[in-house]
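Report on the following structure.
The values are calculated or read from the model by the stated rules, or taken from the named source; none is laboratory data. Predicted, not measured: the structure shown is a model, and the values here were computed from it. Note: ideal-geometry Cβ built from the backbone for every residue, glycine included; neighbour counts use all protein chains shown.
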Amino acid sequence: MNHFQYKNGELFCEDVAVADIAKEVGTPFYLYSRATLNRHFQAFDSGFEGLDHITCFAVKSCSNVAILSLFARLGGGADIVSGGELFRALHAGIGPKKIIYSGVGKTEEELRYGLEAGILLFNVESEQELQRLNRVASEMGVTAPISFRVNPDVDAKTHAYISTGLAKNKFGIPIQEAVELYVQADAMEHVEVRGVSCHIGSQLTLISPFIEALRKIKAFVARLGDRGISIQYIDLGGGVGIIYDDEEPPHPKEYADAIREELSDLKATLIFEPGRVIVGNAGIMVTEVQYTKSNRGGEKEKHFVVVDAGMNDLTRPSLYGAFHAIQPVVEADGDPLVVDVVGPICETGDFLAKDRELPAVQQGDLLAVMSAGAYGFTMASNYNSRPRAAEVMVDGEQFEIIRERESMEALIRGEKIPGFLEK
């Protein structure tokens with residue numbers, strides 16, 4: 001359920017016409033519905049009502065501080081993977097004791113920042129990271145709370161780039177080797193073992209990989225208990241998929257019920273890292289048609305719709321071959337046409353859709369790229385020196401810009417022409 005609906009042939013976000021926002025803000029821009037964000041967060045979190053748990057939103061999926069602040073007000077925490085995300089989470093008002101720090105490449109400065117902030121857990125992903133964290137904590141005279149990210153070698157049956165739970169992936173520690181690392185960590189003076197973490201991938205459309213991973217983690221926790229190591233937190237990651245096209249992902253309640261059944265006898269606080277399932281369908285990207293053109297001379301005539309948003313604004317179609325539904329902001333009459341929706345970037349790989357049947361569109365029409373709330377703006381870049389898009393949030397009948405469109409001056413901020421070129 002989301003709050004992007006047509007009213008009298010015109011797309012609305014809640015009670016605001018998308019075209020009215022475009023007139024004021026310009027295009028392209030990202031648009032989020034507060035009502036949908038609220039609904040999706042509460043639908044996920046309420047599934048675990050009665051269980052001791054923390055819902056730590058995956059900041060990498062959508063990192064605007066307004067959205068993080070909204071989740072903080074709903075009781076949420078943050079799953080972070082960089083010092084920059086820690087800064088954002090704290091700035092948005094998320095309490096440090098609801099922040100967990102994942103990621104395979106934490107620098108010494110980032111570890112120090114997390115220790116200074118007093119975050120809940122570091123999810124350690126290698127023996128060298130453990131050694132570094134212990135040393136930094138010792139130098140600071142503090143104790144680092146940790147989990148190890150355990151890799152259960154489970155096939156999430158998702159895109160290879162977002163599968164994280166197989167032995168061949170860079171993430172985590174093989175489950176067969178992890179017990180000895182726990183024993184090693186338990187003996188360290190400046191490390192406190194508190195939990196176990198597991199994340200097998202993103203955009204999962206089946207429950208079975210989760211169940212397989214849960215059973216392995218449950219057995220692993222029992223093995224730790226046999227070695228005298230007790231666990232206070234079990235971080236089960238995120239990864240529940242959403243509908244982009246014709247997928248049939250599990251409902252968050254189905255996911256919650258499966259976890260309840262599998263882990264009912266474990267006395268630990270559960271941590272979840274939802275991202276896409278909360279924000280994916282709560283946001284869209286709005287773009288304007290600049291030109292339509294047809295190329296003849298090949299095996300068949302090829303039709304293009306050229307818009308002002310490119311792969312720098314939404315990289316998922318080019319990077320993953322991902323599908324995003326594309327809809328006219330104002331419904332149009334006329335015969336549909338099979339087109340490629342492409343952007344202005346100087347790359348053949350710059351497209352939002354290929355061989356897509358769309359209603360007839362004209363120069364100046366607005367298009368809505370749906371399900372763009374997750375990994376949309378956060379993966380945007382300045383490629384081709386294009387300023388990044390604005391971000392807007394709607395709340396009922398009102399809207400507000402939550403990130404200004406980047407200026408030309410911002411493109412060169414921090415750059416300078418060296419003095420030796422003047423000689």
Please count how many residues of region 45-70 are within 22 Å of GLY201 (Cβ to Cβ) and not β-branched (Val, Ile, Thr). 11
Of (1) closer than 15 Å to GLU129 by Cβ; (2) over 16 Å from the mean Cα position of the chain (by Cα), GLY103 satisfies all except one. Which? (2)
So the check is Cβ under 9 Å with 6+ separation or different chains; which pairs have a first residue in region 16-43 that's assigned by TED's automatic domain parsing to the domain that holds VAL394 and free of Cβ contacts under 8 Å to residues at least 24 places away in the same chain and a second one that's surrounded by 16 or more Cβ atoms within 10 Å (Cβ to Cβ) and among the aromatic types (Phe, Trp, Tyr)? ASP20/PHE399; GLU24/PHE399
Going by the conditions given, is ASN281 in contact with a Ser or Thr (Cβ under 9 Å, 6 or more places away or on another chain) and not hydrophobic (A, V, I, L, M, F, W, C)? yes
GLN290 being in contact (Cβ under 8 Å) with a residue 40 or more places away in the chain, farther than 27 Å from GLY241 by Cβ and part of a loop (DSSP other than H, G, I, E, B): no
Step by step: first the residues of region 110-133, then only those that are assigned to a helix (DSSP H, G or I) and out of contact with any helix residue (DSSP H, G or I) (no Cβ under 7 Å at 6 or more places or on another chain), then the one that is surrounded by the most Cβ atoms within 10 Å (Cβ to Cβ). Which residue is that? GLU129
Name the residue that is farthest from ASN382 (Cα to Cα), counting only residues in region 322-342 that are under 26 Å from the mean Cα position of the chain (by Cα) and free of Cβ contacts under 8 Å to residues at least 40 places away in the same chain. VAL341
Residue by residue through region 134-155, note down the ones that are of a type outside the set (Val, Ile, Thr), closer than 18 Å to GLY103 by Cα and surrounded by fewer than 22 Cβ atoms within 10 Å (Cβ to Cβ). ASN134, ASP153
Return the pair list, or none, for Cβ contacts closer than 8 Å from residues in region 408-423 that are within 27 Å of ALA390 (Cβ to Cβ) to residues that are in a helix (DSSP H, G or I) and at pLDDT 95 or above, at least 6 apart or on different chains. LEU411/SER385
Filter region 176-205 down to residues that are surrounded by 15 or more Cβ atoms within 10 Å (Cβ to Cβ) and at pLDDT below 85 and give me whichever is farthest from GLU125 (Cα to Cα). THR205
Can you name every residue in region 207-225 that is out of contact with any helix residue (DSSP H, G or I) (no Cβ under 9 Å at 6 or more places or on another chain), surrounded by 15 or more Cβ atoms within 10 Å (Cβ to Cβ) and more than 20 Å from GLY103 (Cβ to Cβ)? PRO209, GLU212, VAL221
Take region 54-87 and flag every residue that is buried (at least 19 other Cβ atoms within 10 Å of the Cβ), charged (D, E, K, R) and part of a helix (DSSP H, G or I). LYS60, GLU85
Are any of the residues in region 276-283 over 25 Å from the mean Cα position of the chain (by Cα) and not aliphatic (A, V, I, L, M)? no
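Table: residues versus (1) more than 21 Å from the chain's Cα centre (by Cα); (2) of a type in the set (A, V, I, L, M); (3) buried (at least 17 other Cβ atoms within 10 Å of the Cβ).
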{"site": "ASN384", "(1), (2), (3)": "yes, no, no"}
{"site": "GLU391", "(1), (2), (3)": "no, no, yes"}
{"site": "VAL394", "(1), (2), (3)": "no, yes, yes"}
{"site": "GLN398", "(1), (2), (3)": "yes, no, no"}
{"site": "ARG403", "(1), (2), (3)": "no, no, yes"}
{"site": "MET408", "(1), (2), (3)": "yes, yes, no"}
{"site": "LEU411", "(1), (2), (3)": "yes, yes, no"}
{"site": "GLY414", "(1), (2), (3)": "yes, no, no"}
{"site": "PHE420", "(1), (2), (3)": "yes, no, no"}
Exactly one of (1) in contact with a helix residue (DSSP H, G or I) (Cβ under 7 Å, 6 or more places away or on another chain); (2) on the phi > 0 side of the Ramachandran plot is unmet by ILE80. Its number? (2)
